[in-house]
């Protein structure tokens, strides 16, 4: 009996280790996909997708739809989305809706798109109501897009942002900057862009740099503007995005003294991303 208990304990330990390894592989695969390292992402995500991991399936579907690391194949992407959706993945349900809305591998069908969007919202709500920041962000995107309710979107962006979700912090900053779903407030926009920028989100860094360059919501500060433009350029994978940030940096540089340029460069070199605090 004791041998059986020890054997069971050992088996459960191995299962636990296997689960941890799979979770680590998934995280590494997602990180590779998001930084544009498609070859690595594909090598990590495909085995997990073949095992029925819904998150890996959804990411793999995105790679097929966009032709990232594989030949573009929207039909194969939709197949991945459907499989993940049937496993309860809300992101994939939204992706299936997008496929019908935009005619990716299926005829455009607005009614079918709405059906899938509503399934996604229902699924997101299950986790969002329990405080899951990813689900809250997904729900916000649904209200900001297909469901056309900017005020409700802001509500969920704020919930996710308060859980230190850097993407939600960026979108909340944008809502305040452009007055979408909330009264326009440049100081609030700068606040949320900063929280996102400090976590390394390039778009937030660029927007914050622009606010410092023009004194929008913050005191005009060319040193800070140059620093954030510099960091944004370094974070971008796409050449056109990088070029845009570098152009903004150069425009600011023409207005700066050599000492200011040196200080801005020092700040950018010493900068390290940090977790946002509530």
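Since every read-out is calculated from the coordinates, none of them should be taken as a lab result. A quick note: this is a predicted structure, and the numbers were derived from the prediction, not measured. So basically every Cβ, Gly included, is an ideal-geometry build from the backbone, and we count neighbours across all protein chains shown.
Before moving on, here are some points about what is shown:
- Every Cα-Cα pair of region 67-165 was included, and the share exceeding 23 Å stands at 28 percent.
- The tail of the calculated P(r) for region 213-265 beyond 18 Å holds 29 percent of all Cα-Cα pairs.
- Least to most buried among 118, 208 (fewest other Cβ within 10 Å first): 118, 208
- Of 161, 175, 234, the one that fluctuates the most in a GNM where the chain has Cα springs shorter than 10 Å: 234
- Cα-based helix-to-principal-axis angle, 239-253 vs the chain, degrees rounded to 10: 20 degrees
- Folded to 0 to 90 degrees: helix 186-197 orientation relative to the chain principal axis, Cα: 50 degrees
- The modelled label-to-label distance for the pair residue 151/residue 251, using points 7 Å beyond Cα in the direction of Cβ, is 3.5 nm.
- Secondary-structure-derived ellipticity at 222 nm for the chain, considering helices only, amounts to -24500 deg cm²/dmol, per-run term -39500 (n - 2.57) for DSSP H runs with n ≥ 4.
- If the convex hull is drawn through the Cα atoms of region 131-278, its volume per residue in Å³: 107 Å³
- Fewest-first sequence of 74, 227 by Cβ atoms within 10 Å of each Cβ: 74, 227
- Residues 94, 191, ranked from the fewest to the most other C-beta atoms within 10 Å, line up as 191, 94.
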